[in-house]
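The structure under discussion appears below in the form of structure tokens.
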Amino acid sequence: MSRKEELIEKIERLKKERNAVILAHYYTRAEIQDLADYIGDSLALAQIASKLEQPVMVMCGVNFMGETAKILCPDKTVLLPDMEAGCSLADSCPADKFEEFIKAHPDHTVISYVNTSAEVKALSDILVTSGNARKIVDSLPEYEKIIFGPDRNLGNYINSVSGRNMVLWDGACHVHEQFSAEKLAELKKEYPTAKVLAHPECKKPLLLMADVVGSTAALLKAATEAPDGSEFIVVTESGILHEMRKLCPGKTFIPAPPLDSTCGCNDCAYMKLNTLEKLASCLENMAPEVKVDSEVAEKARKPIERMLKLS
Ligand code: 13P
Ligand code: SF4
């Protein structure tokens with residue numbers, strides 16, 4: 001038996017013993033996605049976590065996803081295979097600075113992207129993911145003044161499609177910011193019939209070149225609904241290509257490259273910290289466990305629940 005097979009067997013055994021469920025984001029490694037009970041985008045993972053009955057869940061994703069699950073399910077044990085799995089976008093929005101920003105804009109409703117710390121969530125009126133941001137912003141009356149944080153690219157995109165003028169926090173995801181319009185233009189020349197699928201965390205010039213802009217789940221849906229033989233250039237973290245290729249064997253998926261790289265893909269190093277070894281180890285040791293201060297969690301739960309209700 002190979003090391004990989006041994007680890008998979010161990011994970012399956014421990015999962016049963018612990019009565020645990022494994023959730024994984026589309027950006028994690030292929031082998032993690034393959035053995036997860038559920039894979040999804042940030043919205044789907046939060047929705048699934050909120051409905052689970054099992055007492056233990058392992059969130060194969062990044063820290064803020066584990067925190068969201070823990071806030072929604074305070075009585076459950078939420079494990080994260082590697083506590084170092086952070087998020088550059090969440091890091092670009094420290095809670096103390098965000099609080100000052102909110103104070104500088106009184107009378108504004110605070111909408112935060114789910115890619116934030118629990119403390120930033122606790123300062124927010126409502127949360128969104130890339131999968132529901134447009135719908136939630138549209139559900140608010142037109143006269144409502146809005147602060148949107150922390151992703152300036154997603155915020156700009158929502159402003160442009162909704163006609164709003166939300167005040168934006170100046171944060172970004174280092175993975176999506178690295179995509180280059182020049183490199184995408186070169187790829188489009190090479191594959192002239194390929195449709196461009198882009199995540200709204202990318203910069204505006206890339207989004208303007210895209211045929212479909214959406215969350216990872218929305219891009220996946222667009223790919224599955226296209227006719228056989230279609231080609232796609234995928235402008236988001238390369239982990240999503242695994243599920244796209246699995247669900248659409250008759251279609252071609254080309255990862256868009258980042259600006260400064262000889263390799264063709266753009267990976268989130270945080271997501272890739274989730275490995276089979278760490279997944280097995282966290283189920284064995286029931287650690288590391290995600291903890292959120294109960295007062296912060298209490299405040300953060302309301303805007304998350306408001307989001308789930310509106311999704
Ligand atoms: P979605 O899962 O909402 O598509 O967001 C992408 C992302 O960057 C998650 O970290
Ligand atoms: Fe954060 Fe970007 Fe990684 Fe998503 S891809 S977890 S937003 S750093």
Determine the pairs where a residue that is farther than 22 Å from Thr129 by Cα, located within segment 213-233, has a partner that is within 12 Å of ligand 1 (Cβ to nearest atom) and not polar (S, T, N, Q) with Cβ atoms under 8 Å apart, the partner being 6 or more residues away or on another chain. Phe232/Leu197; Ile233/Leu197
Cβ-Cβ under 6 Å, sequence separation 6+ or interchain: first residue in segment 24-46 and among the polar types (S, T, N, Q), partner within 8 Å of ligand 1 (Cβ to nearest atom) and assigned to a loop (DSSP other than H, G, I, E, B). Which pairs? Ser42/Val114; Ser42/Thr129
Within segment 104-144, residues being within 16 Å of ligand 1 (Cβ to nearest atom) and either open to solvent by 20 Å² or more (accessible area, probe 1.4 Å) or over 20 Å from Leu72 (Cβ atoms) (or both) number 6
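Every residue, every condition in (1) part of a helix (DSSP H, G or I); (2) touching a strand residue (DSSP E or B) at 6+ places or on another chain (Cβ under 6 Å); (3) in contact (Cβ under 8 Å) with a residue 60 or more places away in the chain, yes or no:
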site: Val175; (1), (2), (3): yes, no, yes
site: Lys183; (1), (2), (3): yes, no, yes
site: Lys188; (1), (2), (3): yes, no, no
site: Pro192; (1), (2), (3): no, no, no
site: Pro200; (1), (2), (3): no, yes, yes
site: Pro205; (1), (2), (3): yes, no, no
site: Ala210; (1), (2), (3): no, yes, no
Anything in segment 164-173 that is assigned to a loop (DSSP other than H, G, I, E, B) and open to solvent by 30 Å² or more (accessible area, probe 1.4 Å)? List them, or say none. Arg164, Asn165, Trp169, Asp170
When you scan segment 50-94, how many residues do you find that are more than 16 Å from ligand 2 (Cβ to nearest atom), assigned to a helix (DSSP H, G or I) and either open to solvent by less than 10 Å² (accessible area, probe 1.4 Å) or among the β-branched types (Val, Ile, Thr) (or both)? 1
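One line per residue, one yes/no per condition, for (1) more than 16 Å from ligand 1 (Cβ to nearest atom); (2) within 26 Å of the chain's Cα centre (by Cα):
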| site | (1), (2) |
| --- | --- |
| Ser2 | yes, no |
| Glu6 | yes, no |
| Lys15 | yes, yes |
| Arg18 | yes, no |
| Ile22 | yes, yes |
| His25 | no, yes |
| Ile32 | no, yes |
| Asp37 | yes, yes |
| Asp41 | no, yes |
Going by the conditions given, is Asp267 among the acidic types (Asp, Glu) and touching a Gly at 6+ places or on another chain (Cβ under 8 Å)? yes
Quick check: anything in segment 148-163 over 19 Å from Leu43 (Cα atoms), touching a strand residue (DSSP E or B) at 6+ places or on another chain (Cβ under 6 Å) and not in a helix (DSSP H, G or I)? no
May I ask you to list the residues in segment 267-290 that are free of Cβ contacts under 8 Å to residues at least 40 places away in the same chain and of a type outside the set (A, V, I, L, M, F, W, C)? Asn285
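Matching residues to (1) within 24 Å of Pro192 (Cβ to Cβ); (2) within 16 Å of ligand 2 (Cβ to nearest atom); (3) surrounded by 16 or more Cβ atoms within 10 Å (Cβ to Cβ); (4) among the small types (Gly, Ala, Ser):
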| residue | (1), (2), (3), (4) |
| --- | --- |
| Ser215 | no, yes, yes, yes |
| Thr236 | yes, yes, yes, no |
| Leu247 | no, no, no, no |
| Ala256 | yes, yes, yes, yes |
| Lys272 | no, yes, yes, no |
| Glu277 | no, no, no, no |
| Cys282 | no, no, yes, no |
| Ala287 | no, no, no, yes |
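If you scan segment 174-202, which residues turn out to be within 15 Å of ligand 2 (Cβ to nearest atom), open to solvent by less than 70 Å² (accessible area, probe 1.4 Å) and not acidic (Asp, Glu)?
Applying the first criterion (within 15 Å of ligand 2 (Cβ to nearest atom)) to segment 174-202 yields 174-179, 198-202.
Narrowing further to those that are open to solvent by less than 70 Å² (accessible area, probe 1.4 Å): 175-177, 179, 198-202.
The answer is Val175, His176, Phe179, Ala198, His199, Pro200, Cys202.
The values are calculated or read from the model by the stated rules, or taken from the named source; none is laboratory data. The shown structure was predicted, so the numbers you read here are calculated from the model rather than taken from an experiment. Cβ: placed from backbone, ideal geometry, glycine included. Neighbour counts: every protein chain shown. Remember, those area values only see protein heavy atoms, side chains included, never the ligands or the DNA or RNA. Shrake-Rupley method; radii C 1.70, N 1.55, O 1.52, S 1.80 Å.
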